[in-house]
Amino acid sequence: MSDQPRNREELYQYISKVGREKFILEDMQRYGFWQGDSPQGSEEDTRRQLEIQREINELGRQSSKLQNEKLLRELSLKKRLEESRRRRQETKERQERERQERAEAWRQRKEKEILYLGEDVSGDLNNTEGNEERLNSLSLPVCNTAEQIAAAMEITVGKLRFLAFNRKTSTVSHYIRFKMPKKTGGERIISAPMPQLKQAQHWILASILEKLELHDAAHGFRRERSIVSNATPHVGAEVIINFDLKDFFPSISYKRVKGLFRSFGYSGAAATIFALICTAAEVEELELDGQNYYVAVGDRFLPQGSPASPAISNLLCRRLDRRLTEMAEKLGFAYTRYADDLTFSASGDSLNSICNILRRTESIVTHEGFTINQDKTRIQRKYNQQEVTGVVVNEKPSVCRKTLNRFRATLYQIEKSGIEGKHWGNTSNTIAAITGFADFVAMVNPEKGAEFQEQVKRIKEKLKQNTLS
């Protein structure tokens, strides 16, 4: 074709003039798909060639389409991978965000709540409902949650958790434990609380325990009561019967202390915390790889040395005191208790009930969860020296004359030749021993006690001067 159509109208005119097939052949020649000036052969060959050309064109279109589909598949796969990575990253970020939110929520919850305090003691910590009406009637602080207790004690919930946690094995001990000789022989284990725990126990003592009424028969560890007030009701009696409660403080378990706080109206959570602060288990100290460990042996009980223990023991003995008082009055006896020392006294016809006192006291004591130390049960009659908690009560409250004479002689020897080689009582601290005994005499007999206290004062001043020189 010499003259190419210049526009669509000329193209249509040209195709009409030469025919569609010729036009296609010319285009094939022009693009190199057909050699020669004009087609050779029959019309059948021409048609066949045209069919082949159409098939070639169709194959080209299909090949282009397949290539496009492959590209599309690659693009789709890439898009899906990118979407998958995006979703995974979003999931990871969401999970991390949720983890941080849970951690923050847990941290905030731990600042306000105590959910676990160790094995066997944490079951009641979710119970924060107390009897506020009863607490108010007893004038006790309404502290039924860990947050309320910590705020009242002016410490954090974390510190409260640390002080109350029941550890079977720990590298930290809240007590300093040592032994002290008993007046009657043997040794007594003293558990002195560390300052932070002692402060918490003092708060419980002042804010709760001291606000509650005790039975009138209790004389130990009470204001305006003493061994003298405990002995006075028995002065001049014909017969005095003494009982001793065996392992008094160790027999008061954690469960009993918790039950006591519950009886005041406190929630299970508060009673658990208070009881854990006021009790401790016996421990064995072990060393492993240079580290000291404190391993709990047995269950928790009331430690001797805690400022709260005496008041708790008195409160737990209220029913014991009431039952023994009622029993004693019916049999014509007087009854008092100083810690673990039970005393009954009587005169006249009431002495016929001594056997009843012995039998029924043991029954009541056992029923109240205590045990009588049979080796220390004594029956003292008037024709012998009668003592109640160390005070002679035959005619009036006094100190044993022989003991006073020995003490007077000891003070004379110390004042004359010094303290070296001198002893009093079962302790190696002679100064503390003579000071304590002088104070004891002053409590029973103020006039004689004042003389001894003055003499002890002179001894201390002389020893101080000798030390300075």
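The values are calculated or read from the model by the stated rules, or taken from the named source; none is laboratory data. Model, not experiment: these values are computed from the prediction. Don't worry about glycine lacking a Cβ; one is built from the backbone with ideal geometry, like all the others, and counts go over all protein chains shown. Side chains are part of the model used for accessible areas, which takes the heavy atoms of the whole protein and leaves out ligands, DNA and RNA. Shrake-Rupley method; radii C 1.70, N 1.55, O 1.52, S 1.80 Å.
Quick check on this structure: which one of 323, 378 is outside the structural domain of residue 167 (by the TED database), open to solvent by 80 Å² or more (accessible area, probe 1.4 Å) and at pLDDT 95 or above?
Result: 378 is the single residue among 323, 378 that is outside the structural domain of residue 167 (by the TED database), open to solvent by 80 Å² or more (accessible area, probe 1.4 Å) and at pLDDT 95 or above.
Give the residues of the range 349-361 that are touching a residue at least 40 places away in the same chain (Cβ under 8 Å), open to solvent by 20 Å² or more (accessible area, probe 1.4 Å) and either under 25 Å from residue 250 (Cβ atoms) or of a type in the set (Ser, Thr, Tyr) (or both), sorted by residue number.
Of everything in the range 349-361, just one residue is touching a residue at least 40 places away in the same chain (Cβ under 8 Å), open to solvent by 20 Å² or more (accessible area, probe 1.4 Å) and either under 25 Å from residue 250 (Cβ atoms) or of a type in the set (Ser, Thr, Tyr) (or both), namely 358.
Which of (1) open to solvent by 80 Å² or more (accessible area, probe 1.4 Å); (2) of a type outside the set (Ser, Thr, Tyr); (3) at pLDDT 90 or above; (4) more than 20 Å from residue 232 (Cβ to Cβ) is the odd one out, the single condition residue 401 does not satisfy?
Residue 401 satisfies all of (1) open to solvent by 80 Å² or more (accessible area, probe 1.4 Å); (2) of a type outside the set (Ser, Thr, Tyr); (3) at pLDDT 90 or above; (4) more than 20 Å from residue 232 (Cβ to Cβ) except (4).
In the range 221-244, how many are under 18 Å from residue 325 (Cβ atoms), outside any loop (DSSP other than H, G, I, E, B) and either open to solvent by 20 Å² or more (accessible area, probe 1.4 Å) or free of Cβ contacts under 8 Å to residues at least 60 places away in the same chain (or both)?
3
Find the residue count for the range 193-212, including only residues that are more than 18 Å from the chain's Cα centre (by Cα) and not in a helix (DSSP H, G or I).
2
Kindly indicate whether any position in the range 174-192 is in contact with a helix residue (DSSP H, G or I) (Cβ under 6 Å, 6 or more places away or on another chain) and either among the aliphatic types (A, V, I, L, M) or not in a loop (DSSP other than H, G, I, E, B) (or both).
No: the range 174-192 contains no residue that is in contact with a helix residue (DSSP H, G or I) (Cβ under 6 Å, 6 or more places away or on another chain) and either among the aliphatic types (A, V, I, L, M) or not in a loop (DSSP other than H, G, I, E, B) (or both).
Given the conditions (1) at pLDDT below 95; (2) open to solvent by 40 Å² or more (accessible area, probe 1.4 Å), report the number of the one that residue 296 does not fulfil.
(2)
Do we have residue 422 as more than 24 Å from residue 393 (Cα to Cα) and assigned to a helix (DSSP H, G or I) here?
Criteria not met by residue 422.
Does residue 177 meet the test of being touching a residue at least 12 places away in the same chain (Cβ under 8 Å), among the charged types (D, E, K, R) and either over 30 Å from residue 424 (Cβ atoms) or out of contact with any Asp or Glu (no Cβ under 9 Å at 6 or more places or on another chain) (or both)?
It is false that residue 177 is touching a residue at least 12 places away in the same chain (Cβ under 8 Å), among the charged types (D, E, K, R) and either over 30 Å from residue 424 (Cβ atoms) or out of contact with any Asp or Glu (no Cβ under 9 Å at 6 or more places or on another chain) (or both).
Residues that are within 27 Å of residue 237 (Cβ to Cβ), touching a helix residue (DSSP H, G or I) at 6+ places or on another chain (Cβ under 8 Å) and of a type in the set (S, T, N, Q): does the range 422-434 have at least one?
Looking for residues that are within 27 Å of residue 237 (Cβ to Cβ), touching a helix residue (DSSP H, G or I) at 6+ places or on another chain (Cβ under 8 Å) and of a type in the set (S, T, N, Q), one finds none in the range 422-434, hence no.
Looking at 191, 207, 251 in this structure, which one is touching a Pro at 6+ places or on another chain (Cβ under 7 Å), small (Gly, Ala, Ser) and surrounded by 16 or more Cβ atoms within 10 Å (Cβ to Cβ)?
The unique qualifying residue is 191.
Cβ-Cβ below 7 Å, separation at least six or inter-chain, first residue in the range 147-163 and in the same structural domain as residue 267 (by the TED database), second of a type in the set (Val, Ile, Thr) and assigned to a helix (DSSP H, G or I): which pairs?
Pairs found: 147/157; 149/273; 150/157; 160/149; 160/273; 163/277.
Before we move on, is residue 91 modelled with pLDDT of 75 or more and part of a helix (DSSP H, G or I)?
So residue 91 fits the description; yes.
Can you name every residue in the range 340-361 that is under 43 Å from the mean Cα position of the chain (by Cα) and either of a type in the set (D, E, K, R) or at pLDDT below 95 (or both)?
Correct list: 340, 341, 359, 360.
For residues that are loosely packed, with under 10 Cβ neighbours inside 10 Å and modelled with pLDDT under 70, tally how many sit in the range 14-62.
The qualifying residues number 10.
When you check residue 103 against the structure, is it open to solvent by less than 70 Å² (accessible area, probe 1.4 Å) and within 23 Å of residue 209 (Cβ to Cβ), yes or no?
No, not satisfied.
Condition first: free of Cβ contacts under 8 Å to residues at least 60 places away in the same chain, open to solvent by less than 100 Å² (accessible area, probe 1.4 Å) and out of contact with any helix residue (DSSP H, G or I) (no Cβ under 9 Å at 6 or more places or on another chain). Can you find one or more residues in the range 122-136 that meet it?
yes
Being open to solvent by 20 Å² or more (accessible area, probe 1.4 Å) and either in a strand (DSSP E or B) or of a type in the set (A, V, I, L, M) (or both) is the filter here, so list the residues in the range 300-310 that pass it.
300, 301, 304
Residue 270 passes all but one of (1) out of contact with any strand residue (DSSP E or B) (no Cβ under 7 Å at 6 or more places or on another chain); (2) in a loop (DSSP other than H, G, I, E, B); (3) not charged (D, E, K, R); which number fails?
Here residue 270 meets the rest and fails (2).
When you go through (1) under 20 Å from the mean Cα position of the chain (by Cα); (2) closer than 30 Å to residue 336 by Cβ one by one for residue 230, which number turns out not to apply?
Result: residue 230 fails condition (1) only.
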